[in-house]
């Protein structure tokens, strides 16, 4: 049985304690969205709010407007997401956020660049995945974005295909998005849900309501699950908990209690399994940093099962002595003379080479 890929709800800490807010803030410009933008269509929606594709009436530029309802969003949470998005957007692998943020009577709004091809989730074929070549392009971009964030002591906390944008069909431009859950490393947050397949074991093991510390190692774990999903079109497990048989099987291998690869991981090369072992170390303090990934991009990540060709099968059926005789003859050694003379010629040939 395989854990099929599906859209995941937001991970831990997504505004669980947001109180209703309806008053107008002095910190943002108040304006009517329709006065400045022509809404083209909805790009997506969720518990956070919605994203609209809109055209600026003044410049004619198409943008993605993230609209967060005041009924479920605190101003400080909106400002934190907007500021982090704007602060990080100069990086080439992070979605650009424009210096445009305002409020309407019911919502907070900010503008970002629009990705015509949508998010990575839509590009992953269920139970198949995407090509290794494209997976590496995505992995390079996401790893670069995370390395940049981690260097700023920031943790994304919501790495998944839905938060990776594609700007072209060839995967030339790939960017990380959605910083609604981003926190500084070392911040204490409260666990509010059980978790999703990308959630690392140290958070899965925490009790609901328990506080835990935000660490960059959580992004590293989620990144590894992302790579697995890209290359297989499935989740490796439902939850990184010993109650999940797929996770238990992986940990049995991870802790070197067996040399047999877990059933869901058969397609990966030995080098890739070495990388997975380092990225998915159960103890967060021993988990490698995202920089480690750069060492493995030149390696094969998957094993190609190639069927033998007809000429290969014919070669395999050739008599070993016939093959030896042909090789000796190609070096000028007569194979039809008596055995003693032949052995002498072979010895001379070996010594000479």
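The values are calculated or read from the model by the stated rules, or taken from the named source; none is laboratory data. As the structure is a computational prediction, the values presented were derived from the model and not from experiment. Positions of Cβ are generated from backbone atoms using ideal geometry, with glycine treated the same way; all protein chains shown enter the neighbour counts.
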Would it be correct to say that residue 34 is modelled with pLDDT under 95 and either over 30 Å from residue 195 (Cα atoms) or assigned to a helix (DSSP H, G or I) (or both)? yes
Among (1) over 18 Å from residue 143 (Cβ atoms); (2) touching a helix residue (DSSP H, G or I) at 6+ places or on another chain (Cβ under 9 Å), which single condition is residue 288 missing? (1)
State which residue is nearest to the chain's Cα centre (by Cα) when the search covers only region 237-264 and only residues that are exposed (fewer than 12 other Cβ atoms within 10 Å of the Cβ) and closer than 14 Å to residue 280 by Cβ. 255
Scan region 184-197 and give yes if some residue there is closer than 15 Å to residue 231 by Cβ and at pLDDT 95 or above, otherwise no. yes
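To keep it simple, each residue is scored yes or no on (1) touching a residue at least 40 places away in the same chain (Cβ under 8 Å); (2) in contact with a strand residue (DSSP E or B) (Cβ under 9 Å, 6 or more places away or on another chain); (3) in a loop (DSSP other than H, G, I, E, B).
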| site | (1), (2), (3) |
| --- | --- |
| 81 | yes, yes, no |
| 99 | no, yes, no |
| 108 | yes, yes, no |
| 116 | yes, yes, yes |
| 121 | yes, yes, no |
| 127 | yes, yes, yes |
| 133 | no, no, no |
| 143 | yes, no, no |
| 158 | yes, no, yes |
Which of (1) modelled with pLDDT of 95 or more; (2) in contact with a helix residue (DSSP H, G or I) (Cβ under 7 Å, 6 or more places away or on another chain); (3) surrounded by 16 or more Cβ atoms within 10 Å (Cβ to Cβ) does residue 271 not meet, given it meets every other one? (3)
